[in-house]
Amino acid sequence: SYVWNKRGYDCLKDLCDVKAIGAPYLYMKDTPDPGPVKDSLLSIRIHSLVANKVSASWDDFAKATVEFAELNKLTSATVLLYCLDFTNTVINTFSKYDINCVYAGEQGDTNFLYKIRSIIRSHSMVMCNRISTAMFYSLFEVRPTYLFGPIMKTLPKDAYEDVADDRDWIKHYFPSILAGGLVGVETAKLEMGTDCKKSKEELTNLLWGWLL
């Protein structure tokens with residue numbers, strides 16, 4: 001088994017053969033950051049999965065995006081949707097509030113993470129309504145990132161819903177993320193396993209060594 005970070009490794013090391021190798025995001029080819037569009041907001045929310053569909057109000061999240069943009073004097077807002085939620089109904093909901101909609105490709109798109117990185121880098125601030133990998137990515141890219149917006153449930157209920165939406169849990173385990181801005185950059189790096197990243201040779205040996 002493979003995990004991103006030392007925290008995951010410590011949780012599993014006595015239960016199975018596990019290696020911490022860092023997040024896939026860390027293995028993308030590095031490219032210069034072109035910098036963000038001035039005063040632009042990227043809004044990211046929990047997304048539907050094949051087995052779990054978002055059941056909460058898209059309109060409420062759109063209103064929260066507008067509220068956050070106004071509070072921070074941002075002049076444009078974009079919502080990043082997952083492919084399963086990139087429908088005319090959802091797009092029209094955000095369009096009513098002059099919020100642009102983007103997505104990073106279909107399931108299985110090998111350029112998915114590259115597109116995510118490009119979208120994050122093109123914005124000056126990020127908000128998300130659940131602690132998530134997206135928050136870690138945006139902090140890794142040194143974009144001020146905030147936990148904001150209504151809790152959105154899925155049907156059937158996803159396995160992490162109660163924990164991921166529990167502000168007391170987040171305050172205890174991820175206080176720097178809850179603080180907002182750039183306070184959580186180092187936490188994000190640890191969660192992404194920057195200290196566990198392997199060289200090309202090490203990674204090849206770990207993943208495919210048994211075939212050699």
For His123, work out the one condition from (1) in a loop (DSSP other than H, G, I, E, B); (2) at pLDDT 85 or above; (3) open to solvent by 50 Å² or more (accessible area, probe 1.4 Å) it doesn't fulfil. (3)
Evaluation of Ala134 against (1) hydrophobic (A, V, I, L, M, F, W, C); (2) at pLDDT 85 or above; (3) surrounded by fewer than 19 Cβ atoms within 10 Å (Cβ to Cβ) (one fails), failing number: (3)
Could you list, in sequence order, the residues of segment 95-118 that are among the hydrophobic types (A, V, I, L, M, F, W, C) and touching a Ser or Thr at 6+ places or on another chain (Cβ under 8 Å)? Ile99, Cys101, Val102
Quick check on Leu203: is it closer than 23 Å to Asn129 by Cβ, open to solvent by 30 Å² or more (accessible area, probe 1.4 Å), in a helix (DSSP H, G or I) and not charged (D, E, K, R)? no
Give the residue that is modelled with the lowest pLDDT, with candidates limited to residues of segment 141-198 that are charged (D, E, K, R) and within 16 Å of the chain's Cα centre (by Cα). Glu161
Selection within segment 177-192 - open to solvent by 40 Å² or more (accessible area, probe 1.4 Å) and of a type in the set (Asp, Glu): Glu186
Given (1) among the charged types (D, E, K, R); (2) at pLDDT 95 or above; (3) more than 20 Å from the chain's Cα centre (by Cα), number of the condition Asp33 does not satisfy: (3)
Residues of segment 42-72 that turn out to be at pLDDT 90 or above and farther than 17 Å from Leu147 by Cα, as a count: 1
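The values are calculated or read from the model by the stated rules, or taken from the named source; none is laboratory data. As the structure is a computational prediction, the values presented were derived from the model and not from experiment. Virtual Cβ from ideal backbone geometry, glycine too; neighbours counted across all protein chains shown. We work out accessible area using only protein heavy atoms, side chains counted, and drop any ligands, DNA or RNA first. Shrake-Rupley method; radii C 1.70, N 1.55, O 1.52, S 1.80 Å.
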